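Each reported figure results from applying straightforward, stated rules to the coordinates on display, with no laboratory input. Keep in mind it's a predicted model, so treat the numbers as computed, not measured. Note that each Cβ is placed from the backbone with ideal geometry, even for glycine, and that neighbours are counted across all protein chains shown.
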Amino acid sequence: MTHLTLNTLELYARHRRATLDWLLRSIEHGAGGSCAHFSIALGWSHPYPETTGYLIPTLLANHADLPELGLREHALACGRWLLSIQNADGSWNGGLHPCKGAPKPSVFNTGQILKGMLALHRAEAGPEFLNAASRGAEWLASRAAADGLWGGGDYRASQTPSYYTHVLWPMLDTWLETGERSVRDSVECGIATVVSRIRPNGVVAHWGFTDEPRAFTHTMAYALRGLLECSRILGAWDDIGARTVPALEKLLRRAELDGGRLAGEFDDDWRPKARYECLTGSVQTAINLLLWEHNEPDLRIVNAAAKLVDRVCSTQHLTHPLSGVRGAVAGSWPIWGRYMTLRYPNWAAKYHVDALARLSARIEREAESACASS
Amino acid sequence: MRIVLTAGFDRARNAVAIAELARRAGHTVAAVLVVRALRVRRVKQFVRQRGANGLLDAARRLVGGPPRETADSEVEALLVQESIAERSLSAWCRRNGVPLRAVTDLNAPTTVEHLRALRVDGVVYAGGGILRRPFLEAADGRVLNAHSGPLPDVRGMNACEWALLLGAPPAVTIHVIDEGIDTGGVLEIVPIAVERGDTLARLRGKCVVAGVRGLVRALGVLAGPLPRRAPAAASRRQCFTLAPVLRELLEQRLEARGGA
């Protein structure tokens, strides 16, 4: 069997490496965790427990391809730091670390950190990580209301935003490991609530940060990803995953018609509400498209994902003299857009690495199947 | 038949070939509508969809540059084979006394009015952008197109490439244009053979040539009722321009098949 080599895959590998290098710099400056963002004016921020948590699976997933970067060791160090700041009740606090003002346990942040704990447990880093995840998930389940979501939470809207599916997903993933029934029951209620918010045009009501009928693609993608992942874990594509398809179809079309550019915000009728792009939302959408395509194979979906990823690659500087900019992904493009204005967030870099890895793997699979059949 | 021909630019060689071959087959080209290429909105949209390289390619074609290894070389070969001397619609129109109208948009009210006034049997579409309802109504729904992929399965852009990627047999479909994207009734599906040595560019060229011949062959149908849209035609997912990574993958696949 002949292996095909594609120049574009090599380009993706260069971008992945540069972005990982940037993420490692965010950890070097993070005093235990990964800095939330870099800004040209203010430099590196304090570390962000939430995104440090979900950065861990990214580091571990890339370890085998790039062993020289010591990604596993960095992931372990981040995990230990997160263990050190876990609250006695199993939760983690919101905001950057250390907190400004009185620390407040955060539902969303706790959910994201579970992903790191689980990934370390699955990488056989030690039993303490599953224990931490289990305590976190039980805290989340104990705080959930009858609808499976969280009243009076740490969000800016009047009710739990729909992107809290991104909390339901790691809870469910934890249940896979612990078998704790109360966690799964709570998640099922939450999923049913969010699924009931899906409108005929695919919009998931309340998927923005606020009550306004508009959302960043970042939180839209969070909401859809949570549903897609819960659907995967529960083996419930028809009941949950397929419900995201109308929204994904809209996003695919938008991305295709504009060469991979996706407006940073949309309203509830899919009207673009921004002239800038929310780059993290774009690569998160690429990941969601690939998750959808995994269930309904079609290279036309991969095509849109590739254009989104290519677009974000085109905004990256791989040789910039400033190490905080080199390999970073801006919050908005142009960088003065409304989302994370003038900053390079670590979550944009994390999702870019994830999207590049997922897309490259999909293309390699396609290339290999072609080789095998030729 | 008395027809109107549309084109996206004056040096569209495929449109020249259609005009001349239709004339030789005894049809009358009542007018040619050419969309003015250099409009800011059109250029902007083009760059967004196809990138700077796509724009450079288009610029080369606009100024009538020599065909390189693209679809153009196949069409050039057709022109030579058929002894067609003209390389632009304006030259062909001058030689044959056919009025050529440069328009900003085929859907503009003045263009639509002009078409209505011509009272032709139908329109042959050889480029010029998406046709909207007023234009289609002015043509009484009698607009023919050659699509470079098998319909209804592969609709949208880069259809020849998508057919290969999706494992559909490469073909050109002669069809009626309706308000959807490549959803109108099908008149003929012309298979395109993939031969040893074929590149993507050559395959695209073969499709264009098959489309030219298919459209001229189909003109007779304008005398009678036209086929309607297949019920599920619009439910097939639309294709868009290929992302570079998939284009590269496809080119290598062709090579691995024993192509170029």
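Values for this structure:
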read-out: Most mobile listed residue (B:LEU246, B:LEU144, B:LEU222) in chain B, GNM with C-alpha springs under 10 Å; value: B:LEU246
read-out: Max mean-square fluctuation residue, GNM over chain B, Cα-Cα springs under 10 Å, options B:GLY141, B:GLY149, B:GLY184; value: B:GLY141
read-out: Kirkwood Rh, Cα atoms: Rg over Rh of region B:2-256; value: 0.94
read-out: Span per principal axis, largest first, for the Cα atoms of chain A (Å); value: 54, 46, 45
read-out: Value at 222 nm in deg cm²/dmol, rounded to 500, when DSSP H runs of n ≥ 4 in chain B each add -39,500 (n - 2.57); value: -13000 deg cm²/dmol
read-out: Nearby aspartates and glutamates by direct alpha-carbon distance to A:LYS273 (threshold 20 angstrom, same-chain neighbours under 8 apart not counted); value: A:ASP211, A:GLU212, A:GLU249, A:GLU256, A:ASP258, A:GLU265
read-out: Sequence ranges A:141-147, B:223-229, B:28-34, ranked by mean other-Cβ count within 10 angstrom, highest first; value: B:28-34, A:141-147, B:223-229
read-out: Rg in Å to one decimal, and Dmax rounded to a whole Å, for the protein assembly as shown via C-alpha atoms; value: 28.0, 90
read-out: Built amide H within the under 5 Å cut-off of A:HIS37, gap 5+; value: A:SER45, A:ASN346
read-out: Estimated FRET transfer efficiency (B:ASP140, A:ASP267; beta-carbon r; R0 41 Å; 0.05); value: 0.60
read-out: Entries in A:LYS115/A:LYS307; A:LYS250/B:LYS206; A:LYS104/A:LYS350; A:LYS104/A:LYS250 that, when Cα-Cα distance is taken, lie over 31 Å; value: A:LYS250/B:LYS206; A:LYS104/A:LYS250
read-out: GNM top mover of A:LEU42, A:LEU290, A:LEU257 - chain A, alpha-carbon springs below 10 Å; value: A:LEU42
read-out: Estimated Rh, region A:177-254: Kirkwood, alpha-carbon pairs, angstrom; value: 13.2 Å
